[in-house]
Amino acid sequence: MALEFPSAKSKEVCRALEAFGFVMVKAKGSHYFYRLPGEDIVHAIQVPYHSAEVSRVTVKMYAKRLRERYGVTFKEFIKALKSGKARKLTPPG
């Protein structure tokens, strides 16, 4: 059975990224940019910050990016969305 990705509020996505150790490095319009300390801005994750929910597709995209670059499992990311708690990540390499 495939894992079902929830939609989430922007605030929940930001809280989950911060739980993993990401910091907001830039805000441009209604978008926030997060990266791990010590990483180039090129690896920043862009989060739309407005009243609408972030779609399931976008939540899945964040989860895939965290899995590919940092080894975060999908379940771990969904848990961080719900609880705001997660292990701190370190930049690869």
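A few remarks follow.
- Tabulated pairs, the stretch 10-21, first within 13 Å of Pro48 (Cβ to Cβ), second assigned to a helix (DSSP H, G or I) and among the hydrophobic types (A, V, I, L, M, F, W, C), C-beta under 6 angstrom, 6+ apart or interchain: Glu12/Leu81
- With respect to the conditions (1) of a type outside the set (Phe, Trp, Tyr); (2) within 11 Å of the chain's Cα centre (by Cα); (3) under 23 Å from Gly93 (Cβ atoms), Arg15 falls short on a single one, namely (3).
- Residues in the stretch 28-42 that are more than 13 Å from Leu17 (Cα to Cα) and in contact (Cβ under 8 Å) with a residue 12 or more places away in the chain: 5 in all.
- Filtered residue count, the stretch 1-37, keeping only those that are over 14 Å from Val47 (Cα atoms) and among the charged types (D, E, K, R): 1
- Selection over the stretch 55-92 of residues that are more than 15 Å from Glu18 (Cβ to Cβ) and among the aliphatic types (A, V, I, L, M) gives a count of 5.
- For the stretch 52-76, the set of residues classified as touching a Lys or Arg at 6+ places or on another chain (Cβ under 8 Å) and under 26 Å from Ser30 (Cβ atoms) consists of Glu53, Val54, listed by residue number.
Bear in mind these aren't lab numbers, they're just calculated from the coordinates by the rules spelled out. Only a predicted model underlies this, so the values are computations on that prediction, with no experimental measurement involved. We place every Cβ from the backbone using ideal geometry, glycine too, and count neighbours over all the protein chains shown.
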